[in-house]
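The values are calculated or read from the model by the stated rules, or taken from the named source; none is laboratory data. In this text the structure is predicted, and so the values were computed from the model without any measurement. We place every Cβ from the backbone using ideal geometry, glycine too, and count neighbours over all the protein chains shown.
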Amino acid sequence: MKIFLVLHHEIMGTPEDCRADEMLFYTCDSLKKAINLIRKSGVDRWSWWEIQSQELNNPDLPEHIGYYGLRGGKLAKAPYEKCVELFKEARSKSKPIYDP
C-alpha cells in the first residue's frame, strides 16, 4: 500500500541564528487527500510543505513528490531563502517574549 507523507518545513530560531526545521504532520492514502490537508492547515508565512510517497512497511527511503506552498500549489523548489527573509522581517517587528 502506498502512503503519502506530508512534512511541514518552517524557519525557526532568532533573526541572527535561524534554521529550517521539519516535522511530519500527516499521512494519507492519496496525493489528493495530502494536498487537501495542506489547504486546510494554517501555518506561518515562513513555512512550506513537502510531500513524499512510501510503500507501507518498506524500509527504503521515501520518494520526494514535491514542495508545496501554504495554499497547496506546487513549487519548483523549496522556498528557503524567501522564508528566511519573511521570518527575519516578522521577528524584527515583534516584541521579544523575554527581555531581561
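Restricting to segment 56-71, count the residues that are out of contact with any strand residue (DSSP E or B) (no Cβ under 6 Å at 6 or more places or on another chain) and either more than 22 Å from Ala20 (Cβ to Cβ) or in a strand (DSSP E or B) (or both). Outline the logic, then answer.
Just the residues of segment 56-71 that are out of contact with any strand residue (DSSP E or B) (no Cβ under 6 Å at 6 or more places or on another chain), to begin with: 57-61, 70-71.
Next, from what is left, pick out any that are either more than 22 Å from Ala20 (Cβ to Cβ) or in a strand (DSSP E or B) (or both): 57-60.
So the count comes out to 4.
Could you please give the count of residues in segment 18-71 that are under 14 Å from Cys83 (Cα atoms) and of a type in the set (Asp, Glu)?
Here is the first cut: in segment 18-71, the ones under 14 Å from Cys83 (Cα atoms) are 18-22, 43-49, 67-70.
From what's left, of a type in the set (Asp, Glu): 21-22, 44.
Residues in segment 18-71 being under 14 Å from Cys83 (Cα atoms) and of a type in the set (Asp, Glu): 3 in total.
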Considering only residues that are in contact (Cβ under 8 Å) with a residue 40 or more places away in the chain and not polar (S, T, N, Q), look in segment 81-92 and name the one that is surrounded by the fewest Cβ atoms within 10 Å (Cβ to Cβ).
Ala90
Among the candidates Leu31, Leu70, Leu37, single out the residue that is in contact (Cβ under 8 Å) with a residue 24 or more places away in the chain and under 28 Å from Ser92 (Cβ atoms).
Leu70
Assess whether Ala78 counts as being of a type in the set (A, V, I, L, M, F, W, C), under 13 Å from His9 (Cβ atoms) and either surrounded by 13 or more Cβ atoms within 10 Å (Cβ to Cβ) or modelled with pLDDT of 95 or more (or both).
yes
Checking Tyr26 against (1) in contact with a helix residue (DSSP H, G or I) (Cβ under 7 Å, 6 or more places away or on another chain); (2) within 20 Å of Lys77 (Cα to Cα), only one condition comes out false. Which one?
(2)
For segment 1-51, enumerate the residues that are outside any strand (DSSP E or B), loosely packed, with under 14 Cβ neighbours inside 10 Å and among the small types (Gly, Ala, Ser).
Ser30, Gly42
What's the number of the condition Ala78 fails, among (1) in contact (Cβ under 8 Å) with a residue 60 or more places away in the chain; (2) part of a strand (DSSP E or B)?
(2)
